[in-house]
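Below is one structure, written out as structure tokens; the observations come after it.
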Amino acid sequence: MNETALVTVPTSATRSRKRTSHVIDELNPLAMLRSRPRDRVIIRVILVVLTLWWIFPLAVAVSSSLGFGGLQNYLSVLTQPLNGVYLGVTFLNSAVIAIIHAVAVCVVSALAGLAFSRLEFPWREQIYYAVLIFLAVPGAAIIVPVYYISGTLGLFNSYFGVALPEAALTLPFGVLLMKNFADGLQASTFEAAAVDGANTWQTFQRIYMPQVRSPLINLAILSIMWSFQDFIFPSLLLRTPELTTASQAVQTIRGAFGATPQQNAGFFAALVLLSLPAVLLVTLGLRWVSRGLTSGGSKE
């Protein structure tokens, strides 16, 4: 019995897509680099060197922290006060400030993203570009206004006093991220909601929010990470040791250690523990960060 082989004949559309993909690959420098064996080896060597360059300080800190006393150094710095500061309390303070920061940024950025992308109101483009201008404003440039406003509103020695200026600096990036993502969402879904009689708030809840979870999670992770790393505003607005944050603790606890090998190992153990939040956030949230930065809606 003869067997009949099934032969798939490529259609013109399939051939057109292949030609388009081939042209795109030829014009894409990264695709060209990946197609050359020598270039692939060079890229991998560069990535390995950069990885070792970034891992080296952390590896030295971990090795130094275990040099004298071993894991007991970590237990000691966690259970004993260092210059009147407990490391566990600094983590709690930083976490509270970071959560307030992230919530404020995500709520305002989500609302602004929909407004700048889908709503029509006077001076929309001008206001949007004015917000983006503040991406170029560094934190050090607003120290004096923040100090004056915080004193006027009685926000010294409070979590909100630190979280609100941090959120103000992060908001322009959040608005840019959410607006760009909203621009890529299908217009037909918003038009269908309008035809069905949905108001702006219902559209925000039922159409917009379910589609922007990835960039919002990405924005929340970045906000928390940036808040944990902030040193300027906690040092400016927090006056009591009980409110010391993790970023401040590096400087605060230095005087608690001497020059002996045992004390030096304890100091490195404290540094390793203080770096853990940022490392864990990057490790656990890398998938969401990359997805939030690269994903987008599908335009029609």
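The values are calculated or read from the model by the stated rules, or taken from the named source; none is laboratory data. Remember, predicted model here, so these are calculated numbers, not experimental data. Note that we place each Cβ from the backbone using ideal geometry, even for glycine, and neighbour counts take in every protein chain shown. Areas reflect the complete protein model, heavy atoms only, side chains present, ligands, DNA and RNA absent. Shrake-Rupley method; radii C 1.70, N 1.55, O 1.52, S 1.80 Å.
Brief remarks on what is shown
- Evaluation of V279 against (1) outside any helix (DSSP H, G or I); (2) modelled with pLDDT of 75 or more (one fails), failing number: (1)
- Unmet requirement for Q262, which otherwise passes all of (1) open to solvent by 40 Å² or more (accessible area, probe 1.4 Å); (2) of a type outside the set (D, E); (3) within 27 Å of A167 (Cβ to Cβ): (3)
- Of all positions in segment 189-209, at least one carries a residue that is closer than 15 Å to S117 by Cα, within 23 Å of the chain's Cα centre (by Cα) and surrounded by fewer than 22 Cβ atoms within 10 Å (Cβ to Cβ).
- Residues located in segment 80-99, provided they are out of contact with any helix residue (DSSP H, G or I) (no Cβ under 6 Å at 6 or more places or on another chain), open to solvent by less than 80 Å² (accessible area, probe 1.4 Å) and farther than 17 Å from V279 by Cβ: P81, G88, V89
- The residue of segment 214-255 that is most open to solvent (accessible area, probe 1.4 Å), among those that are charged (D, E, K, R) and touching a Gly at 6+ places or on another chain (Cβ under 9 Å), is E242.
- Count of residues meeting criterion [under 30 Å from E242 (Cβ atoms), open to solvent by less than 80 Å² (accessible area, probe 1.4 Å) and not hydrophobic (A, V, I, L, M, F, W, C)] in segment 58-78: 6
- Residue pairs meeting the criteria (Cβ under 7 Å; at least 6 apart or on separate chains; first over 11 Å from R118 (Cβ atoms), in segment 176-188; second at pLDDT 90 or above and open to solvent by 30 Å² or more (accessible area, probe 1.4 Å)): L176/L132
- L135 within 30 Å of A246 (Cβ to Cβ) and in contact with a Pro (Cβ under 7 Å, 6 or more places away or on another chain): yes
- The set of residues from segment 70-118 being more than 21 Å from the chain's Cα centre (by Cα), touching a residue at least 60 places away in the same chain (Cβ under 8 Å) and under 16 Å from T252 (Cβ atoms) comprises V77, L78, L82, N83, G84, V85, L87, V89.
- Test: A136 is without any contact (Cβ under 8 Å) to a residue 12 or more places away in the chain and either surrounded by 19 or more Cβ atoms within 10 Å (Cβ to Cβ) or under 22 Å from the mean Cα position of the chain (by Cα) (or both): yes
- Whichever residue in segment 134-169 is in contact with a helix residue (DSSP H, G or I) (Cβ under 8 Å, 6 or more places away or on another chain) and β-branched (V, I, T) and, among such residues, is nearest to I224 (Cα to Cα): V162
- Residues that are of a type in the set (A, V, I, L, M, F, W, C) and within 25 Å of the chain's Cα centre (by Cα) within segment 119-133 comprise I127, A130, V131, L132, I133, listed in sequence order.
- Residue match in segment 289-300 (condition: out of contact with any helix residue (DSSP H, G or I) (no Cβ under 7 Å at 6 or more places or on another chain) and either part of a helix (DSSP H, G or I) or modelled with pLDDT of 85 or more (or both)): yes
- Considering segment 157-171, the residues that are farther than 9 Å from H101 by Cβ and either within 20 Å of the chain's Cα centre (by Cα) or aromatic (F, W, Y) (or both) include one that is least open to solvent (accessible area, probe 1.4 Å), namely P165.
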